[in-house]
1. Among all residue pairs at least 6 apart or on different chains, which show Cβ distances below 6 Å where the first residue, located in region A:41-65, is free of Cβ contacts under 8 Å to residues at least 60 places away in the same chain and the second is polar (S, T, N, Q) and not in a strand (DSSP E or B)?
2. Looking at A:Arg42 and the list (1) basic (Lys, Arg); (2) assigned to a loop (DSSP other than H, G, I, E, B); (3) more than 10 Å from every other protein chain (Cβ to nearest Cβ), which single condition is not satisfied?
3. Select from region A:75-113 the residues that are surrounded by 14 or more Cβ atoms within 10 Å (Cβ to Cβ), out of contact with any helix residue (DSSP H, G or I) (no Cβ under 7 Å at 6 or more places or on another chain) and more than 14 Å from chain B (Cβ to nearest Cβ) and list them in ascending order.
4. Restricting attention to region A:8-41, which residues are closer than 16 Å to A:Pro69 by Cβ and out of contact with any Ser or Thr (no Cβ under 7 Å at 6 or more places or on another chain)?
5. Hey, can you tell me all the residues within region B:61-71 that are over 15 Å from the mean Cα position of the chain (by Cα) and open to solvent by less than 60 Å² (accessible area, probe 1.4 Å)?
6. Would you mind finding the one in B:Ser80, B:Ser85, B:Ser74 that is surrounded by 20 or more Cβ atoms within 10 Å (Cβ to Cβ), farther than 21 Å from A:Glu59 by Cβ, in contact (Cβ under 8 Å) with a residue 24 or more places away in the chain and more than 9 Å from every other protein chain (Cβ to nearest Cβ)?
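The values are calculated or read from the model by the stated rules, or taken from the named source; none is laboratory data. This is a predicted model, so every value here is computed, not measured. We place every Cβ from the backbone using ideal geometry, glycine too, and count neighbours over all the protein chains shown. Accessible surface is based on the protein model in full, side chains and every heavy atom, while ligands, DNA and RNA are left aside. Shrake-Rupley method; radii C 1.70, N 1.55, O 1.52, S 1.80 Å.
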Amino acid sequence: SQTIHQWPATLVQPVGSPLSLECTVEGTSNPNLYWYRQAAGRGLQLLFYSIGIDQISSEVPQNLSASRPQDRQFILSSKKLLLSDSGFYLCAWRISQRRTEAFFGQGTRLTVV
Amino acid sequence: QQQVKQSPQSLIVQKGGISIINCAYENTAFDYFPWYQQFPGKGPALLIAIRPDVSEKKEGRFTISFNKSAKQFSLHIMDSQPGDSATYFCAASHLVDQKLVFGQGTRLTINP
């Protein structure tokens, strides 16, 4: 069966510090991968998505970046965090076809102080 | 730019009543429309989904109504229960690039 791992669960970082959030999927190959951010009481904002190891699309051109070093690994990074980067970050995967369910990780609660 | 617009932002329904949440989209390249349920501190989980070639899909107490010409779809929860209290998101998936975008969410509260 397929599983998705996302860590850490919570993170408190000072303004200006770097960020690295990791997401790994097991039990499938060539999944579509997604990073979302959810601000408190707000919707799910799509940040990045990837339909292949060399294909990453950005929806939000801020101080965040994403990489896919391995087929089932998706990393969200920042060189210098801003206060506005605080939120609940969610990774998701789908089988590499259209019209399929997306499975979410448990999320990372990031607080920038 | 919000690609999927969802309303209302919050909804309070009495136990046993019908909860209705609406969504609208503009991009005709969307070809898959799921609804997700999210409890506090958890990731969203798929509730029910529909393809644009059907106008309605029902699974238990949950029904999606889809109007392709109006580019609107809605979730109906029949006989709403306190355990249904959660945040609900509609979403749309792009035919070509497989982008999956979500609405702003509706916080549903079912009063006992």
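1. A:Gly43/B:Gln104; A:Ile51/B:Gln98
2. (3)
3. A:Ile75, A:Leu76, A:Ser77, A:Leu81, A:Asp85, A:Ser86
4. Result: A:Glu22, A:Cys23, A:Thr24, A:Val25, A:Ser29, A:Trp35.
5. B:Ala70
6. On the way: B:Ser85 fails: surrounded by 20 or more Cβ atoms within 10 Å (Cβ to Cβ); B:Ser74 fails: surrounded by 20 or more Cβ atoms within 10 Å (Cβ to Cβ).
Being surrounded by 20 or more Cβ atoms within 10 Å (Cβ to Cβ), farther than 21 Å from A:Glu59 by Cβ, in contact (Cβ under 8 Å) with a residue 24 or more places away in the chain and more than 9 Å from every other protein chain (Cβ to nearest Cβ) holds for just one of B:Ser80, B:Ser85, B:Ser74, which is B:Ser80.
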